[in-house]
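The values are calculated or read from the model by the stated rules, or taken from the named source; none is laboratory data. Predicted model only: the values in this text are computed from it and were never measured. In this analysis, Cβ positions are derived from the backbone assuming ideal geometry, glycine residues included, and neighbour counts consider all displayed protein chains.
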Amino acid sequence: MRGRRNQNVLVVGSGEIAHSLLSQNPGWSSVRHSGVSATKFDNFNCVINASFDPCYLDSDMNSSLSFDADLASRCLHAKYIFLSTRLVYQPGLNLHEDAETVKVANQNAEIYGLNKLAMEREITSRHNNALILRLPNVISQRTSTNRYWGRLTESAKQGFVSLDVSSSGIRDFLYARDLALMLSELIGENATGIFNIAYPEKMPAEKLVLELRKYFPIKSVTYAPDNTHQYSLDSTKLGAVIDLRRFSLSSALKQILEETCTL
């Protein structure tokens, strides 16, 4: 690992991702969204923004006046890490990691994704040491049932699952613990720019169901007739910076599901 090994890191946020970042990196500090105004950022040389802002669902969001942009401006002396989303890749948008395309959004997912894309650009225009991570569905043993993975495992406990892709369709998932480890390595490498954070391994829905069946008495499975909701993030750029061979979705699912069944 190159770069600065001993970062004085602050995690902003209190949700599932923030919890995993801190549990895997116990030397890091944390502050809730509400405590940012009283925080002295001069004490940190790396700030990770893992907070959630509901304004991203607002079609009239002004990225230049947002919490996330303001936080970037307060951390110009430090590395600033912003957690973005796979939803910047809209169907038909043909957006790549360093592309500059914008289109009008109509649906909530599109609005959220394009607001995140606008924020990425706002941050990179303000901060010359920013690291932006585009994430898939981040999952853990305690993912809320308000989210896709949480609903999927909850219904599996009841004996049925319903997928929004075909049996051959792919939906990327990322274990929150692995995100924390990957991010720690990216910090150690002093990486900047935009990265998709994903496993090289891609798992079709049919195989995902087989994994779930090892732990739940699933009797009924429904697949979507098409792959409108399929997505798969390219991790090539990430793999050129850190060694991804020790990370896999199969092993992540095994750890998550084994622990889920004991909760």
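So GLU185 passes all but one of these: (1) in a helix (DSSP H, G or I); (2) more than 24 Å from VAL88 (Cβ to Cβ); (3) charged (D, E, K, R). Which condition number does it fail?
Of everything listed in (1) in a helix (DSSP H, G or I); (2) more than 24 Å from VAL88 (Cβ to Cβ); (3) charged (D, E, K, R), GLU185 misses just condition (2).
So LEU174 ticks every box in (1) out of contact with any helix residue (DSSP H, G or I) (no Cβ under 6 Å at 6 or more places or on another chain); (2) at pLDDT 95 or above; (3) more than 26 Å from CYS46 (Cα to Cα); (4) not hydroxyl-bearing (Ser, Thr, Tyr) but one. Which box is left unticked?
The number of the failed condition is (3).
Can you pull out every residue in the stretch 5-35 that is charged (D, E, K, R) and more than 19 Å from CYS75 (Cα to Cα)?
Listed by number, the residues that qualify are ARG5, GLU16.
Which count do you get for residues in the stretch 30-73 that are farther than 22 Å from ILE17 by Cα and touching a residue at least 12 places away in the same chain (Cβ under 8 Å)?
8
Any residue in the stretch 138-156 that is within 30 Å of LEU65 (Cβ to Cβ), assigned to a strand (DSSP E or B), touching a strand residue (DSSP E or B) at 6+ places or on another chain (Cβ under 7 Å) and not acidic (Asp, Glu)?
Checking the stretch 138-156: at least one residue is within 30 Å of LEU65 (Cβ to Cβ), assigned to a strand (DSSP E or B), touching a strand residue (DSSP E or B) at 6+ places or on another chain (Cβ under 7 Å) and not acidic (Asp, Glu).
Could you tell me which residue of the stretch 65-117 is nearest to SER37 (Cα to Cα), considering only residues that are touching an Asp or Glu at 6+ places or on another chain (Cβ under 6 Å) and at pLDDT 85 or above?
So, considering only residues that are touching an Asp or Glu at 6+ places or on another chain (Cβ under 6 Å) and at pLDDT 85 or above, the one nearest to SER37 (Cα to Cα) is PHE67.
Looking only at the stretch 69-80, decide whether some residue is under 23 Å from ARG177 (Cα atoms) and either of a type outside the set (S, T, N, Q) or touching a Pro at 6+ places or on another chain (Cβ under 9 Å) (or both).
Checking the stretch 69-80: at least one residue is under 23 Å from ARG177 (Cα atoms) and either of a type outside the set (S, T, N, Q) or touching a Pro at 6+ places or on another chain (Cβ under 9 Å) (or both).
When GLU259 is evaluated against the numbered criteria (1) surrounded by 14 or more Cβ atoms within 10 Å (Cβ to Cβ); (2) in a helix (DSSP H, G or I), which criterion, by number, is the only one it fails?
That leaves (1) as the condition not met.
Would you pick out the residues in the stretch 193-215 that are part of a loop (DSSP other than H, G, I, E, B), surrounded by fewer than 19 Cβ atoms within 10 Å (Cβ to Cβ) and not basic (Lys, Arg)?
Once the filter is applied, which keeps residues that are part of a loop (DSSP other than H, G, I, E, B), surrounded by fewer than 19 Cβ atoms within 10 Å (Cβ to Cβ) and not basic (Lys, Arg), the stretch 193-215 yields PRO200, GLU201, TYR215.
For ASP164, are the conditions met, namely being touching a His at 6+ places or on another chain (Cβ under 9 Å) and either within 30 Å of THR124 (Cβ to Cβ) or among the aliphatic types (A, V, I, L, M) (or both)?
No: the conditions fail for ASP164.
Return the pairs, sorted by first residue and then second, in which the second residue is basic (Lys, Arg) and surrounded by fewer than 19 Cβ atoms within 10 Å (Cβ to Cβ), the first residue lies in the stretch 174-195 and is touching a residue at least 60 places away in the same chain (Cβ under 8 Å) and more than 13 Å from SER23 (Cα to Cα), the beta carbons are less than 6 Å apart, and the residues are 6+ apart or on different chains.
From the stretch 174-195, the pairs are GLY188/ARG5; GLU189/ARG2; PHE195/LYS237.
Which is under 19 Å from ASP243 (Cβ atoms) and surrounded by fewer than 20 Cβ atoms within 10 Å (Cβ to Cβ), of ASN190, ASN227?
Testing whether each residue is under 19 Å from ASP243 (Cβ atoms) and surrounded by fewer than 20 Cβ atoms within 10 Å (Cβ to Cβ) leaves just ASN190.
Only residues in the stretch 141-159 that are on the phi > 0 side of the Ramachandran plot count as the first member; pair them with residues that are assigned to a loop (DSSP other than H, G, I, E, B), Cβ under 8 angstrom, at least 6 apart or cross-chain, and list the lot.
From the stretch 141-159, the pairs are GLY159/PHE216; GLY159/PRO217; GLY159/ILE218; GLY159/LYS219.
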